[in-house]
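Novice: Attaching a single structure in structure tokens format; questions to follow.
Nothing in this text is a laboratory measurement; each read-out follows from the coordinates by a stated rule. What you are looking at is a predicted structure, and each value in this text was computed from that prediction instead of being measured. Reconstructed Cβ throughout: ideal geometry from the backbone, glycine too, with neighbour counts over all protein chains shown.
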Amino acid sequence: MYSEKVMDHFSNPRNVGEIENASGVGTVGNAKCGDIMRIYLDIDEQGIIRDVKFKTFGCGAAVATSSMATELVKGKTVQEAMLVTNKAVMEALDGLPPVKVHCSLLAEEAIHAALWDYAEKNNIVIEGLQKPVNDIEEKEEDISEIY
Amino acid sequence: MKIYLDNAATTQVYPEVVEAMTPYYTEYYGNPSSIYSFAGEANKAVSHAREVLANMIHAKAEEIYFTGGGSESDNWALKATAEAYADKGKHIITSKIEHHAILHTCEYLEKKGYEVTYLDVDEYGTVKLDELEKAIRPDTILISIMTANNEIGTIQPVAEIGKIAGKHGVLFHTDAVQAFGHIEIDVDKMNIDMLSASAHKINGPKGSGLMYIRKGVRIRSFIHGGAQERARRAGTHNVPGIVGFGKAAELAKATLKERIAYETVLRDYLINRVLEEIPFSRLNGERVNRLPNNVNFCFQYIEGESMLILLDQRGIYASSGSACTSGSLEPSHVLLAIGLPHEIAHGSLRLTLSEKTTKEELDYTVDELKKIVERLRSMSPLYEDSLKEKRS
């Protein structure tokens, strides 16, 4: 059901990990729906994304879109990164099954959330960037008892 | 290496079964409803299968009706009973963990003016008998509770449910698709009025099922258009499919005891290894009172579909109750019904064994699974957060 590119990015995900003292971190999604993406950006003084890492809880498509999104923004300026839309991620992966399109939206939102964090920390305004909807903050149920 | 651990989805058709079926495609292809002698062989084969299948559940041959599979039988049991007993009432009782063939049919009936009570289950997936009895009303016409659950394998107290149904004069249907041929079923001892079963879960062909309907139960025709199956289920008999079902049942009956013993040992070995060796894992369903071939785990912090793809890449075929495998955003209704939060339910894995599964296969599966779980956790933000919480 997945394209070869999706399978490749799922099986060999690029840029998995964390960045300590990252310029910006964004987490989007909701464990209830089964997808959470977190993206770390390392941005230099010129506003160029020097490094990017991600961590994802989710299905094959969620991992692949995270991986592809990080590839697409790496080395780009903040403004260029704004052009990495969910469509761009999907196209780069040779498409996604209809039920998985939301994963690519999540990838776009994760990038935006990380950029928002960077902008807030540095007190700057990134043109076209809106405050991300971050819905994972709601209190999770206590799950320690069932293990 | 290819390791098939999805025997609850479907099973291999045994060569003996195919062999038994073949002549009814090529040689005795006559329509069993025809009058000439050539059709006699086909007719005889259908009768023989009916007897074998009746025998499996201690029913009479004339109480077995052939259908196109388990889902058809479930639909028939609910819709036709609802119609036939509408003068008595319009209330049906079922559980929250039934197969969708039951649940979606109930939703359909609700739209037609019927009322349905969906019973809760306990944390192991067992229907609560006191709640069942409390739910019975004067206008209750049917109780439909599965014999064993397809996802988590929990075996229901069918005999007790039958007793309660009988005491209140309510019909009792059980969806035995996962249980038939895997555990002992006695429709008399268990006071079952109707039962659904399917051939492809017991090494028979797909598209062949049955419904047991106790003599005396009022039930309407489901498929109109012929006199087959006492005019209740029209359509030319799927003779090879029926023969295959009969043969598969014969084999299943002959090996039942040793198969249960063998699978139970392997099942428990698998459960113990996983729970001991993989942290933050849990077994879903009842520990002992479960189908001999069913194992269902949840692994915290990871998602089911990712697990399935990585297992597939290592030649291991399994299934999950995660949303991503169902085409919706909701994880398994069964896992939610036993009280699991969504994020845990997303990380489920079902492994269903067969009598051909070996210990070596399970060892390889657990070894690979450990690496897969570890790998997915290493990329999970939830795992990262939990580690940080523990450190702080």
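Novice: Just add up the charged neighbours of B:V265: K/R +1, D/E -1, any other residue whose Cβ is under 12 Å from the Cβ of B:V265.
Specialist: Working: positive: B:R259, B:R267, B:K359; negative: B:E258, B:E263, B:D268, B:E355.
So the surrounding residues net to -1.
Novice: Please get the size of the charge dipole for the range A:4-123, origin at its Cα centre, with Cβ charges of +1 on Lys and Arg and -1 on Asp and Glu, quoted in debye to the nearest 20. Let's see the in-between values first.
Specialist: Numbers: 12 positive and 17 negative charges, 56 e Å.
Once rounded to the nearest 20, the dipole reads 280 debye.
Novice: Still on this structure: Can you compute the helix-only [θ] at 222 nm over the protein assembly as shown? Use -39500 (n - 2.57) per DSSP H run of at least 4 residues, normalise by all residues, nearest 500 deg cm²/dmol.
Specialist: Working: 19 runs with 220 residues, N = 539.
It lands at -12500 deg cm²/dmol.
Novice: Please figure out what share of the DSSP beta bridges in the range B:122-241 is antiparallel and state it in percent, rounded to the nearest 5. If you can, show how the numbers build up before the last one.
Specialist: Working: 6 of 14 bridges.
Given both bridge residues lie in the range B:122-241, the antiparallel proportion sits at roughly 45 percent.
Novice: Once you place label points 7 Å from the Cα toward the Cβ at A:K5 and B:R287, how far apart are they in nm?
Specialist: Simple spin-label model gives 5.0 nm for this pair.
Novice: Just to verify a number: FRET efficiency for B:E110 and B:S386, C-beta to C-beta distance, R0 = 56 Å, to 0.05?
Specialist: Details: r = 41 Å, r/R0 = 0.73.
The value I calculate is 0.85.
Novice: Further question on the same structure: Taking only Cα atoms, what is the 0 to 90° angle, nearest 10, from helix B:239-277's long axis to the longest principal axis of chain B?
Specialist: Result, in degrees: 20.
Novice: Follow-up. Local charge sum around B:L336 (other residues, Cβ-Cβ under 10 Å, Lys/Arg +1, Asp/Glu -1)? Don't skip to the end; give the middle numbers.
Specialist: Working: positive: B:K96; negative: B:E330.
Result for the local shell: 0.
Novice: Can you give the FRET efficiency to the nearest 0.05 for B:E374 and B:K134, using r as the Cβ-Cβ distance and R₀ = 41 Å?
Specialist: Details: r = 46 Å, r/R0 = 1.13.
Given R0 = 41 Å and the Cβ-Cβ separation, E is 0.30.
Novice: Something else: Using 28 Å as the Cα-Cα cut-off, could you pick out the over-long pairs in B:K257/B:K359; A:K87/B:K388; B:K128/B:K356; B:K96/B:K257; A:K32/B:K206?
Specialist: Values: B:K257/B:K359 19 Å; A:K87/B:K388 34 Å; B:K128/B:K356 35 Å; B:K96/B:K257 31 Å; A:K32/B:K206 35 Å.
Beyond 28 Å between Cα atoms: A:K87/B:K388; B:K128/B:K356; B:K96/B:K257; A:K32/B:K206.
Novice: Nothing charged except the Cβ atoms of Lys and Arg (+1) and of Asp and Glu (-1): what's the magnitude of the dipole of the protein assembly as shown about its Cα centre? Round to the nearest 20 debye. The partial results should precede the final answer.
Specialist: Working: 59 positive and 78 negative charges, 350 e Å.
Its charge dipole is roughly 1680 debye.
Novice: Dipole of chain A (Lys/Arg Cβ +1, Asp/Glu Cβ -1, origin at the Cα centre): which of A:N12, A:A107, A:V133 lies farthest to the positive side?
Specialist: A:N12
Novice: 7 Å from Cα along Cα→Cβ at both B:D120 and B:N55: what's the point-to-point distance in nm?
Specialist: Between B:D120 and B:N55, the label points sit 4.6 nm apart.
Novice: Angle check, please: helix B:40-56 long axis (alpha carbons) against the longest principal axis of chain B (alpha carbons), in degrees 0 to 90, nearest 10.
Specialist: The angle comes out at about 50 degrees.
Novice: Karplus couplings for the range B:362-370 from phi (6.51 cos²θ - 1.76 cosθ + 1.60, θ = phi - 60°), rounded to Hz, Gly and Pro as x?
Specialist: Result, rounded to whole Hz: 5, 4, 4, 4, 5, 4, 5, 4, 4.
Novice: Next up: Measure out, as a whole number of angstrom, how far apart the alpha-carbon centroids of the range A:11-79 and the range B:6-48 sit.
Specialist: If you average the Cα positions of each part, the centres end up 58 Å apart.
Novice: Lys and Arg at +1, Asp and Glu at -1: add these up for the other residues within a Cβ distance under 11 Å of B:N150 and post the number.
Specialist: Details: positive: B:K201, B:R350; negative: B:E98, B:E151, B:D175.
Here the count lands on -1.
Novice: Compute all pairwise cysteine Cβ distances in chain A, then list the cysteines with no distance under 4.7 Å to another cysteine.
Specialist: So far as the 4.7 Å Cβ criterion goes, A:C33, A:C103 stand without a partner in chain A.
Novice: About the Cα centre, and with charges only on the beta carbon of Lys, Arg (+1) and Asp, Glu (-1), how big is the dipole of chain B? Nearest 20 debye, please. List each step's numbers first, then the result.
Specialist: On the way: 45 positive and 53 negative charges, 133 e Å.
About 640 debye.
Novice: Specify the angular offset, from 0 to 90 degrees and rounded to the nearest 10, of the alpha carbon long axis of helix B:70-84 from the longest principal axis of the alpha carbons in chain B.
Specialist: Approximately 60 degrees, to the nearest ten.
Novice: Next up: State, to one decimal in nm, how far the label point of B:E355 lies from the label point of B:A261, with both points 7 Å from Cα in the Cβ direction.
Specialist: Result: 1.3 nm between the two label points.
Novice: What FRET efficiency do you get for A:V101 and B:A9 if R0 is 30 Å and r is their Cβ-Cβ distance, rounded to the nearest 0.05? Don't jump to the answer; show the numbers that get you there.
Specialist: Working: r = 27 Å, r/R0 = 0.89.
For R0 = 30 Å, the calculated efficiency reads 0.65.
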